[in-house]
2 protein chains.
Amino acid sequence: MSDHNRATIRLVARHAGVSPATVSRVLSGSRQVSAINRDKVLGAVAELGYSPHITAQNLATGQSRIIGVVVPDLSNPHFTTLVKRLIHASAADSYEVLVADSDEVVDTECSLATDLLRRCDGVVMCNPRADDQALLALTEHDKPVLFVNRRFTTSEVSTAITDVGPAMEDITRHVLDLGHRRIAYVGGRVQSYLDTQRWSAIQRAGAGDDVELFRLPIDEHIPSWTSIAKTVLDLECTAVLANNDIGAVSLAATLTRMGVDVPGDISIAGFDDTPLASWFTPALTTARIRTDELGEVAWDAMSQMIVDPSTVIHSMLVATAVFRESTATRSTRPRH
Amino acid sequence: MSDHNRATIRLVARHAGVSPATVSRVLSGSRQVSAINRDKVLGAVAELGYSPHITAQNLATGQSRIIGVVVPDLSNPHFTTLVKRLIHASAADSYEVLVADSDEVVDTECSLATDLLRRCDGVVMCNPRADDQALLALTEHDKPVLFVNRRFTTSEVSTAITDVGPAMEDITRHVLDLGHRRIAYVGGRVQSYLDTQRWSAIQRAGAGDDVELFRLPIDEHIPSWTSIAKTVLDLECTAVLANNDIGAVSLAATLTRMGVDVPGDISIAGFDDTPLASWFTPALTTARIRTDELGEVAWDAMSQMIVDPSTVIHSMLVATAVFRESTATRSTRPRH
DNA sequence: TTGAAAGCGCTAACAA
DNA sequence: TTGTTAGCGCTTTCAA
């Protein structure tokens, strides 16, 4: 039963006593076909177990019904959720999803996207960190490209963005209210759009008072939490805002192991509100990003762009702060 | 700049003053071409910014250089890791990965796989739970199908399996050594191959003594950990072995919230050794599955099967127990 | 409503 | 080494 003797539309046509065109019409419903012929065709299709050769369809129609998605790291639950949602949303419209993972290597983002664009009807770029010029060049391929969590100076490209500012401001004000005055923002890559937004929000909320803010970016693939924890202690920070829940949890676990109490000695907040945030002890103060909604919105935009390539869409969701146990009143007792 | 005025191989040929076949040969390296013509072709390619139309290539060659993978739940870090590894391993051979997610719905596994098989050069089915017959039918499509973590009575289909038995036996003996005599196995779907293996291992290790074993499967999508916790308490189990880390952590968190001490009152073990297992407090006793290695092995097998469709491969990895803080000596003090 | 025929853009067998 | 030619399997004008 090799691939060679697959039924073709020609064979079906012969069996049904009609032309290939008629078979095509019946199967695609693109035109009316007489009931008699339709039945003959469907009979032959069933009898031969025929199903159209997708690649041939693609070539003839110029559509692949595949979209591509490029993520920096599929291991990150945030992107996993986004991709999963994208898969299900697009599956409802009979699209399939080709997933590429840049492993946080900025230079590969665009080449992955270019490769995908050659096979797909459109590409979703998640949290890209390449420079504007390189990213905008992707839109020259005449296929829809949607940028998630990235803003451009031009508004001519489609974007779907989570506004993390308000939540980050709320969290910052929250720890200020708890008495903290030396606050570190830990994690994130400097070129990341969302990270820039978070840091700006922290600065906005922390401005004025006798507050000291520290930014501790992470650019290694596997960060050394021990050295970050030491830095935090050296800087005498009593509150740490992390760029995501994984970072918050890792740092909290490291500090705990070093004998530092969380949140007794140091308050810690995460970001993303992954399930982890509520499982962890202490449960994390964090910000909820409706990632699945973002996936939904991304597919809405992409599907419209596929239908009408001139479409430009700008979607915006807003993250909201969630307060739990990992942030507490600043203690005055000395740390060991 | 519409898709219509993309350069074709014909145009390149004309610009270079050669035939399309020569252009094809230069680009694919399938045959020697004179240096002069090669340069002319490469020049024209550069000048026109030509890149081959992949779909047309696919149709002509009968290969897509895409593989498909079907997972029950991409949110599960275990599958995320597997898929990520598969993406990177196959990318090294210029393959791309189409991801489908069955959302734990057994009935959709095979139809997703069938859809993928029509576009892909091969499909990897992860932890499928459909019945043997339905799964084996997938191999009739004359495209390579690799089954991960599933065994069949026939050995004619390719498989890549993690042997979870030894680790589960070790963990069971470990809690027996700690004095536990009423032990529950929580989580997992009854039809899951790995779950069956785990439960058998527990039974093997727990046989003989005055030991009571309970199997508490989970078949809801979002399990009620509270009611599971109650069941565990009602059964007076002092040790709970979970089918994965997420389950262990969820249950542990729930019990803690109910005032039960882990591991003071109840010992808990996970499975998979995800990062979560070491972050969690108490750090989880669990079993390490080298999921990335499994992804690697899966691609090795798949790539060989693509080259030679008659290839049948059976790969086996072995999970190993990891002992941490979440399992402890059975306490004799009464529970509240 | 139907069929014939011309592609879609590429590869590969064959001949030169 | 090169070009000609015939497909790959489908869709879609165009004419009937």
For the range A:189-203, does any single residue satisfy the condition of being more than 12 Å from A:Leu241 (Cβ to Cβ) and part of a strand (DSSP E or B)? no
Do we find a residue being open to solvent by 20 Å² or more (accessible area, probe 1.4 Å), more than 11 Å from DNA strand D (Cβ to nearest atom) and free of Cβ contacts under 8 Å to residues at least 24 places away in the same chain anywhere in the range A:44-53? yes
Is there a residue in the range A:44-56 that is more than 40 Å from the chain's Cα centre (by Cα), away from chain B (no Cβ under 14 Å) and near DNA strand C (Cβ under 9 Å from one of its atoms)? no
Looking at the range B:266-303 only, could you name the residues that are at pLDDT 95 or above and within 13 Å of chain A (Cβ to nearest Cβ)? B:Ile268, B:Gly270, B:Leu284, B:Gly295
In the range A:6-31, which residue that is in contact (Cβ under 8 Å) with a residue 40 or more places away in the chain and within 7 Å of DNA strand D (Cβ to nearest atom) is nearest to B:Gly62 (Cα to Cα)? A:Arg6
It is to be established whether one or more residues within the range B:325-332 are without any contact (Cβ under 8 Å) to a residue 60 or more places away in the chain and either outside the structural domain of B:Glu156 (by TED's automatic domain parsing) or under 25 Å from B:Met125 (Cβ atoms) (or both). yes
Among the numbered criteria (1) touching a residue at least 40 places away in the same chain (Cβ under 8 Å); (2) more than 21 Å from B:Ser102 (Cβ to Cβ), which single criterion is violated by A:Val105? (1)
Just to be sure I understand the filter: pairs with C-beta atoms under 7 Å, separated by 6 or more residues or on different chains, first member in the range A:166-185 and in contact (Cβ under 8 Å) with a residue 60 or more places away in the chain, second member of a type in the set (Lys, Arg) and open to solvent by less than 40 Å² (accessible area, probe 1.4 Å). Which pairs pass? A:Met168/A:Arg198
When the range A:54-74 is checked residue by residue, the ones that are over 14 Å from A:Asp121 (Cα atoms) and charged (D, E, K, R) are A:Asp73
For the range B:70-91 the number of residues that are part of a loop (DSSP other than H, G, I, E, B) and among the small types (Gly, Ala, Ser) is 1
Set A:His141, A:His174: member being within 12 Å of another protein chain (Cβ to nearest Cβ) and open to solvent by 20 Å² or more (accessible area, probe 1.4 Å): A:His141
Can you report the number of residues in the range A:5-34 which are in contact with a Pro (Cβ under 6 Å, 6 or more places away or on another chain) and either modelled with pLDDT under 90 or open to solvent by 60 Å² or more (accessible area, probe 1.4 Å) (or both)? 1
Restricted to the range A:119-135, and to residues that are in contact (Cβ under 8 Å) with a residue 12 or more places away in the chain, part of a helix (DSSP H, G or I) and open to solvent by 10 Å² or more (accessible area, probe 1.4 Å), which residue is nearest to A:Gln304 (Cα to Cα)? A:Arg119
Only residues that are part of a helix (DSSP H, G or I) and of a type in the set (D, E, K, R): list them for the range A:28-69, please. A:Arg38, A:Asp39, A:Lys40, A:Glu47
Matching residues in the range A:95-107 - criterion: being farther than 27 Å from B:Gly49 by Cβ and more than 9 Å from chain B (Cβ to nearest Cβ): A:Tyr95, A:Glu104
Looking at (1) touching a Ser or Thr at 6+ places or on another chain (Cβ under 7 Å); (2) closer than 15 Å to A:Thr320 by Cβ, which is the only condition A:Thr274 fails? (1)
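Conditions tested, residue by residue: (1) surrounded by fewer than 24 Cβ atoms within 10 Å (Cβ to Cβ); (2) more than 8 Å from every other protein chain (Cβ to nearest Cβ); (3) at negative phi.
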| residue | (1), (2), (3) |
| --- | --- |
| B:Thr61 | yes, yes, yes |
| B:Ser64 | no, no, yes |
| B:Thr80 | no, no, yes |
| B:Ala89 | yes, yes, yes |
| B:Glu109 | no, yes, yes |
Evaluate the following for B:Arg151: is it surrounded by fewer than 21 Cβ atoms within 10 Å (Cβ to Cβ), away from every other protein chain (no Cβ under 14 Å) and not polar (S, T, N, Q)? yes
Being within 12 Å of DNA strand C (Cβ to nearest atom) and within 14 Å of another protein chain (Cβ to nearest Cβ) is the filter here, so list the residues in the range A:1-41 that pass it. A:Thr8, A:Ile9
Among (1) closer than 19 Å to B:Pro52 by Cα; (2) in the same structural domain as A:Pro20 (by TED's automatic domain parsing), where does A:Leu112 come up short? (2)
Scan the range B:136-187 for residues that are of a type in the set (Ser, Thr, Tyr) and outside any strand (DSSP E or B) and report the count. 5
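The values are calculated or read from the model by the stated rules, or taken from the named source; none is laboratory data. Quick caveat: nothing in here was measured; it's all calculated off a predicted structure. In this analysis, Cβ positions are derived from the backbone assuming ideal geometry, glycine residues included, and neighbour counts consider all displayed protein chains. Accessible surface is based on the protein model in full, side chains and every heavy atom, while ligands, DNA and RNA are left aside. Shrake-Rupley method; radii C 1.70, N 1.55, O 1.52, S 1.80 Å.
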